[in-house]
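Shown next, in structure tokens, is the structure this report addresses.
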Amino acid sequence: MRKIRTNIINPIDQDHTFIGLDYVIAWDDGIFNYIHPYQAGKDLDCEERLDEICIPGLIDIHTHLSQYWIRGRYEPSLLFWLEKNVFPEEALSQNPDFAEKIAEDFFQALFAAGTTTSVIYTAPYPQACEIAFSVAKKYGARAWIGMTLMDQNVNSELVQSTDYAYQKSLELYYKYHNASTLLDYIFSPRFALSCSVILMEKIARFAQDNSAWIQTHLSENQIEIANVLQLFGVDTYTQVYENVGLLTPKTILAHCIHLSSAEMDTLAKYDSCIAHCPDSNFFLKSGEFNYEALYSRNLNIGVGSDVAAGTTLNMLYHSKMVNYRQSVFSLSPERLFYHITLGNAILLGCQDKIGSLDLGKEADLCFLKLPPEPIPVDSLVSALCFYGYEFPVMETVIAGRTVYSR
Ligand code: GUN
Ligand code: ZN
């Protein structure tokens, strides 16, 4: 049982945020059971944290664990960056000691940034994926984790045979799906260039039959797209995924920058999810995400760090980037905060459990120290979304368990 006197900032919906100054928030057995304005004489035995704010645990719907140590390796074009930096680095995760050290570092950094839920790619090795699951379990992370699939167009150190990629994915799925309340498996074809039609079809069929999660990358870079159209003999990148059956309501498509209107309509038809990764798009000079057009189609848009093309795991920094990467359209602080909390939870279908500080939900939260300068109440959400990444994270809690304490 924890009972804390503090200030809470809570997403209500896409355009509204609740601010509760001098509140008491309590949880027992991992579930919020008391959220109320402080009452003198009644709320006894509280921990006093009035110089902090309490927000829901942050959610990152797209990131690469095995790339954590190569953030900020300058190369402003996707395919060159993958060849030069990413593929050699991911090959190092063949070594279990390496895979373990990087997983330890990654989860510690996630928690230190206030992130409680994440959707993760690991390297193309089953053992590296298993190690990520075991480290996540040891620390109590909430995550969807998948082994990266590549059965073509990569060097022999990384390439998997089609059967191996498929069989090992299934083994990992059976081992980790339902094995824990906090962890699940996500099928993870890297992108069309590194996956054969047969592999994508088999993964898609299995995922559809089992209502399992899928993640991949779509339409990030112009050279990538030109190569995809040539390799698969199609008119659009989206057609490749549509033809093989990879578009489902439980498919998370990272980037989606250069989509035509018809492709956006196709994604809307299948109700697939989009991971917008603005910092990555900026770093690799991939292009500008068409937020307005995708949002107007009611597409499920979430936000991800996309480390290592994204330079930090701090989702408050990415909330600012969502705004900054739009050259004209401006998203409100309320919308930015929604995206990295409740919005991402809704995308993942777990808004009944996480995403906001509400009675009956699981206690996923973090405490941030307020800066010394006075911030008017009606500017708090704005401060949080535009420089909240500077506020020290004091404690991070997942399902009632402290996973980080400063
Ligand atoms: N497309 C295929 N693989 C990757 C990756 O690892 N990072 C990014 N940003 N895009 C990709
Ligand atoms: Zn990515």
Practice task
Mind checking segment 207-286 for trypsin sites (Lys or Arg not before Pro) that DSSP puts in a loop (not H, G, I, E or B) and that have at most 15 other Cβ atoms within 10 Å?
Solution key: Lys285
Problem - Helix 261-270 axis, angle to the chain major axis (alpha carbon atoms, nearest 10°) - result: 70 degrees
Practice task
Counting only C-alpha contacts under 8 Å and six or more residues apart, can you give the relative contact order of segment 311-406 as a whole percent?
Solution key: 30 percent
Exercise for the section: Would you mind computing, in nm to one decimal, how far apart the modelled labels at His177 and Thr402 are, each placed 7 Å from Cα along Cα→Cβ? Expected result: 3.7 nm
Practice task
Starting from the Cα of Leu21, move 7 Å in the Cα-to-Cβ direction to define the label point; list residues of segment 332-376 whose amide nitrogen is under 13 Å from there.
Solution key: 374-376
Fill in the blank from the handout: A correct fewest-to-most ranking of Thr122, Thr312 by other Cβ atoms within 10 Å would be Thr312, Thr122
Exercise for the section: Quote to one decimal, in nm, the extra length available between Ser134 and Tyr324 on full extension: 0.36 nm per residue of separation minus the C-alpha distance between them. Expected result: 64.8 nm
Fill in the blank from the handout: Semi-axes (Å, rounded, descending) of the ellipsoid equivalent to segment 276-406 per its C-alpha gyration tensor are 24, 19, 15
Exercise for the section: Sum up the charges of everything whose Cβ sits under 15 Å from the Cβ of Asp105, counting Lys and Arg as +1 and Asp and Glu as -1, but leave Asp105 out. Expected result: -1
Problem - Local electrostatic count at Leu247 - Lys and Arg +1, Asp and Glu -1, tallied over other residues with Cβ under 9 Å - result: -1
Fill in the blank from the handout: Here the gain from full extension of Ile12 to Glu104, 0.36 nm per residue of separation minus their alpha-carbon distance, amounts to 29.8 nm
Practice task
Determine, for each peptide in 271-282, 19-30, the mean count of other beta carbons within 10 angstrom over its residues, then list the peptides with the highest first.
Solution key: 271-282, 19-30
Practice task
Provide the per-residue ³J(HN,Hα) series for segment 133-148, in order, calculated from phi with Karplus coefficients 6.51, -1.76, 1.60 and θ = phi - 60°, each as a whole number of Hz, with x at glycine and proline positions.
Solution key: 4, 6, 5, 4, 5, 4, 8, x, 6, 9, 7, 9, 10, x, 7, 5
Practice task
Name the most mobile residue of Ser169, Ser261, Ser118, meaning the one with the largest mean-square fluctuation, in a Gaussian network model of the chain with Cα contacts below 10 Å.
Solution key: Ser261
Completion exercise
Summing -39500 (n - 2.57) over every DSSP H run of at least 4 residues in the chain and dividing by its residue count gives a helix-only mean residue ellipticity at 222 nm, to the nearest 500 deg cm²/dmol, of -9500 deg cm²/dmol
Completion exercise
Loop-resident trypsin sites (Lys or Arg not before Pro) in segment 56-102 with no more than 13 other Cβ atoms inside 10 Å, DSSP not H/G/I/E/B, are none
Problem - Spacing of the two label points (7 Å from each Cα toward its C-beta) at Met1 and Leu231, in nm - result: 5.8 nm
Practice task
Grab the Cα-Cα distance for Arg71 and Asp378, subtract it from 0.36 nm times how many residues apart they are, and report the gain in nm with one decimal.
Solution key: 107.0 nm
Exercise for the section: Quick one: check the C-alpha center-to-center distance for segment 22-66 versus segment 142-166, whole angstrom. Expected result: 40 Å
Exercise for the section: Take the alpha-carbon centre of segment 342-406, take the same for segment 76-100, and report the distance between them in whole Å. Expected result: 32 Å
Handout entry: Surrounding net charge for Leu170, when Lys and Arg each add one and Asp and Glu each subtract one, Cβ distance under 13 Å
Key = +1
Fill in the blank from the handout: Mean-square fluctuation maximum in Gaussian network of the chain, Cα pairs under 10 Å, restricted to Thr181, Thr236, Thr162, hits Thr181
Completion exercise
Interchain or sequence-distant (5+) residues whose placed amide H lies within less than 5 Å of the amide H of Trp213 are Phe187
Handout entry: Residues listed by number, segment 331-365, amide nitrogen under 16 Å from Asp271 label point at 7 Å toward C-beta
Key = 346-352
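Since every read-out is calculated from the coordinates, none of them should be taken as a lab result. Treat the numbers as computed from the prediction; the structure is a model and nothing was measured. Every residue, glycine among them, receives a Cβ derived from its backbone with ideal geometry; neighbour counts consider all protein chains shown.
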